[in-house]
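The structure under discussion appears below in the form of structure tokens.
Laboratory data are not the source of any read-out in this text; all were calculated from the coordinates shown. Keep in mind it's a predicted model, so treat the numbers as computed, not measured. So basically every Cβ, Gly included, is an ideal-geometry build from the backbone, and we count neighbours across all protein chains shown.
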Amino acid sequence: MILHSLASGQDSHGWRTPVDCVRANELCAAESSCSSRYRTLRQCLAGRDRNTMLANKECQAALEVLQESPLYDCRCKRGMKKELQCLQIYWSIHFGLTEGEEFYEASPYEPVTSRLSDIFRLASIFSGMDPATNSKSNHCLDAAKACNLNDNCKRLRSVYISTCSKEISATEHCNRRKCHKALRQFFDRVPSEYTYRLLFCSCKDQACAERRRQTIVPSCSYEDKEKPNCLDLRNMCRTDHLCRSRLADFHTNCQVSFQSLTSCPGDNYQACLGSYAGIIGFDMTPNYIDSSIASITVSPWCSCRGSGNMEEECEKFLRDFTENPCLRNAIQAFGNGTDVNLSPKNPSQPVTLPPKTEKSPALPDDINDSNTIYDTSVITTCTSVQEHGPKLIKSKEHSLCFSETQLPTDIMPDQKTFVDQKASGSRHSARGILSALPFLLMKLAL
């Protein structure tokens, strides 16, 4: 189909590059067969569930044709001008493709390609975030000060704070709908280098952690008189195209991956943190459950009480927030000002070592990038230094006697070799004696 190849931008391998759904809809409307099938599908979906719709042969035929149209592969961009319209078009197709109520739904948004390190490089304000050099600083307070120096951040933050803090009546604490809208505008329109600092600032004391918890004015945006069931909250969220999309995006980017170094899909902390921030301002709004500095735990305002035979599914849904190593690692990495180092596409050639020696384990570029706590005890890999002194396996270039503190767990791909400094010093001393030998021989001859 010419329309599909133009919209999808197929390359020589036949892979289809998604276009945004608003544009895909325009291309479909320009072709009579596509537009008529799309109208049929919309009528089929009106007031019917998936099984009822697919029982109708005309509806089924329309869906099969549209799977070959640009609408099938279309995606949306968070914060785009016509985001809601784009998402409505996306779900009008994909509602008919899903097998009922799936636990995880695919994200309708374009994949995130940026990383935390990109944010660190772009934002000079992060220069004071290094915990090693500024450990006594309240990073959450610093984040608020940085926001106030940016006109857009200051204005939109003031709007949501005043909106969420405004008491309506003695019985109504605030207008939650307006509060949520103001929060969405803040997190969608203010750059991540400001919003992330407010949401994910690292804390060394309880006062700082409480400031972090209060960032979204939880008394209005988060807490309520009763905690609803989490599955009921999820079902309510999925009736709204925007909330459903943000939740699907969170699951896509923060779902625990056991094939990655960080537990995050694609080892992308930025994608997870961005999708987490994206669900703030909806019924599914998450927040820190307390001001503890010992651990980081976030959750929507819900519980699994009253789940009946769905309790296992409910607990699984809740654990994606409360016990999610990907999300926790991403928050900690941002607070520490670090990002994961990925394997280079063209790794350097391994160093050639003498026979019958063991290779030294790979070392991370920055030990602070890892959450692993290394053992500080010194155990030499050679014979005991105390008893015999270090026995060195020498080559022309390397000395291969290391302590265990010099050999951290092999978690990073970049290979580095530690050279024993004492051995190096011995080698330099030997060279010095050899260079002085001709001079001594001349003196003896005289």
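In this label model, K154 and E210 are separated by 2.7 nm, measuring between points 7 Å along each Cα→Cβ vector. Taking trypsin sites (Lys or Arg not before Pro) across region 161-268, the ones in a DSSP loop with at most 15 further Cβ atoms lying within 10 angstrom of their Cβ are K166, K204, K225. With θ taken as phi - 60° and the Karplus curve 6.51 cos²θ - 1.76 cosθ + 1.60 applied, the whole-hertz 3J(HN,Hα) list for region 32-40 is 4, 5, 5, 5, 5, 5, 5, 4, 4 Hz, x standing for glycine and proline. Multiplying the residue separation of E223 and E26 by 0.36 nm and subtracting their alpha-carbon distance yields 66.7 nm. Kindly provide log₁₀ I(q)/I(0) values, in the same order as q = 0.21, 0.24 Å⁻¹, from the Debye equation applied to equal alpha-carbon scatterers of region 21-91. Here the Debye-derived log intensity ratios amount to -0.90, -1.07.
Show the residues, 5+ positions off or on another chain, whose built amide H is closer than 5 Å to the amide H of Y109. Here the answer is C76, since their amide H atoms fall under 5 Å of that of Y109. Label-to-label distance, H94 versus R177, with points set 7 angstrom from Cα along the beta-carbon direction: 2.7 nm. Near N287, the amide H atoms lying under 5 Å from its own belong to S299; only residues 5 or more places off or on other chains count, and H is placed 1.01 Å from N.
Taking a ≥ b ≥ c as the square roots of the Cα gyration tensor eigenvalues, with a/c under 1.5 meaning rounded and otherwise prolate when a/b beats b/c, else oblate, which class fits region 207-330? Verdict is rounded for region 207-330. When you filter the GluC sites (Glu not before Pro) in region 200-233 for DSSP loop state and at most 14 other Cβ atoms inside 10 Å of their Cβ, you are left with E223, E226.
With θ taken as phi - 60° and the Karplus curve 6.51 cos²θ - 1.76 cosθ + 1.60 applied, the whole-hertz 3J(HN,Hα) list for region 247-262 is 5, 4, 5, 4, 5, 5, 9, 10, 4, 4, 10, 8, 9, 10, 5, 9 Hz, x standing for glycine and proline. For region 305-315, putting each phi into the Karplus relation 6.51 cos²θ - 1.76 cosθ + 1.60 with θ = phi - 60° gives couplings of 5, x, 7, x, 6, 9, 4, 4, 5, 5, 5 Hz, in residue order, rounded to whole numbers and with x for Gly and Pro. Note on region 216-265: semi-axes of the ellipsoid equivalent to its C-alpha gyration tensor, largest first and rounded to whole Å, are 26, 15, 11. Just to be sure I understand the curve: with the Debye formula and one point per C-alpha of region 164-250, what is log10 I(q)/I(0) at q = 0.11, 0.25 Å⁻¹? Log10 I(q)/I(0), no solvent term: -0.40, -1.31.
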